1. Which members of the range 214-230 meet the condition of being surrounded by 14 or more Cβ atoms within 10 Å (Cβ to Cβ) and over 16 Å from residue 135 (Cα atoms)?
2. Return the total of residues in the range 59-101 being more than 17 Å from residue 6 (Cα to Cα) and touching a residue at least 12 places away in the same chain (Cβ under 8 Å).
3. Taking residue 149 and the conditions (1) without any contact (Cβ under 8 Å) to a residue 60 or more places away in the chain; (2) in contact with a helix residue (DSSP H, G or I) (Cβ under 9 Å, 6 or more places away or on another chain); (3) buried (at least 19 other Cβ atoms within 10 Å of the Cβ), which numbered condition does it fall short on, given that it satisfies the others?
4. Residue 118 - would you say it is surrounded by 20 or more Cβ atoms within 10 Å (Cβ to Cβ), in contact with a helix residue (DSSP H, G or I) (Cβ under 8 Å, 6 or more places away or on another chain) and modelled with pLDDT of 95 or more?
5. Please go through (1) over 12 Å from the mean Cα position of the chain (by Cα); (2) surrounded by 22 or more Cβ atoms within 10 Å (Cβ to Cβ) for residue 69 and return the number of the only condition it doesn't satisfy.
6. For residue 176, work out the one condition from (1) surrounded by fewer than 21 Cβ atoms within 10 Å (Cβ to Cβ); (2) in contact with a strand residue (DSSP E or B) (Cβ under 7 Å, 6 or more places away or on another chain); (3) under 26 Å from residue 110 (Cα atoms) it doesn't fulfil.
7. Select, from 133, 110, the only residue that is within 27 Å of residue 205 (Cβ to Cβ) and surrounded by fewer than 24 Cβ atoms within 10 Å (Cβ to Cβ).
């Protein structure tokens, strides 16, 4: 991996910020991608390193290709970390109007696909690259009132495996991590009676992502790696 350029989506979020900082501290130039440029700049105001800010709606494929294309034109990315996504409890599968399904597929699958379509062609030209996606430990089976979320994250896992088979002969590794509950401020607020010491710290998850982006992981293709702490 050397000091290749790293793209991190969802970089203004809790996990995205830790992942981006992990690579910045290792000396990589990092392209920070999120919807709101002001939020990005505020999040990294005190963080040193070589950074480029890209404000774009990742659910818009054309806008994503244009925005990332402008930044990556002179120096293609060597690593893409697809951190952008989200979670919401939904309705029973038989109930509701389906809006929760569309929301989860848009947030978790489409953002990943759009980022890949913007970044991976440059990796193909270079003949090298690492793509790391975020699946979910809970999505290995269906859960009550979480059908939409589980389906979206399962789709991320299956897309990861398919991409790995498509790109492994081109020098590109595609893998995913599948965390359980991540210790973020939002999760602490949502579950005040839980023990966050049993959850996955963002720093530990970032370390696994960093490994998958390294040369040491060059023989790993299409892995969905559980990162579950004690939960």
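The values are calculated or read from the model by the stated rules, or taken from the named source; none is laboratory data. Worth saying up front: this structure is predicted, and the values here are computed from it rather than measured. Note that each Cβ is placed from the backbone with ideal geometry, even for glycine, and that neighbours are counted across all protein chains shown.
1. 214, 217, 220 - these are the residues of the range 214-230 that are surrounded by 14 or more Cβ atoms within 10 Å (Cβ to Cβ) and over 16 Å from residue 135 (Cα atoms).
2. Going through the range 59-101 one residue at a time, the tally reaches 14.
3. For residue 149, the exception is condition (1).
4. Details: surrounded by 20 or more Cβ atoms within 10 Å (Cβ to Cβ): yes; in contact with a helix residue (DSSP H, G or I) (Cβ under 8 Å, 6 or more places away or on another chain): yes; modelled with pLDDT of 95 or more: yes.
Yes: the conditions hold for residue 118.
5. Failing condition for residue 69: (2).
6. Going through the list (1) surrounded by fewer than 21 Cβ atoms within 10 Å (Cβ to Cβ); (2) in contact with a strand residue (DSSP E or B) (Cβ under 7 Å, 6 or more places away or on another chain); (3) under 26 Å from residue 110 (Cα atoms), residue 176 breaks only (1).
7. Details: 133 fails: surrounded by fewer than 24 Cβ atoms within 10 Å (Cβ to Cβ).
Testing whether each residue is within 27 Å of residue 205 (Cβ to Cβ) and surrounded by fewer than 24 Cβ atoms within 10 Å (Cβ to Cβ) leaves just 110.
For (1) at pLDDT below 95; (2) surrounded by fewer than 20 Cβ atoms within 10 Å (Cβ to Cβ); (3) under 19 Å from residue 213 (Cβ atoms), each residue gets a yes or a no:
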| residue | (1), (2), (3) |
| --- | --- |
| 3 | yes, yes, yes |
| 7 | no, no, yes |
| 11 | no, no, yes |
| 16 | no, no, yes |
| 19 | no, no, yes |
| 24 | no, no, yes |
| 30 | no, no, yes |
| 35 | no, yes, no |
| 49 | no, yes, yes |
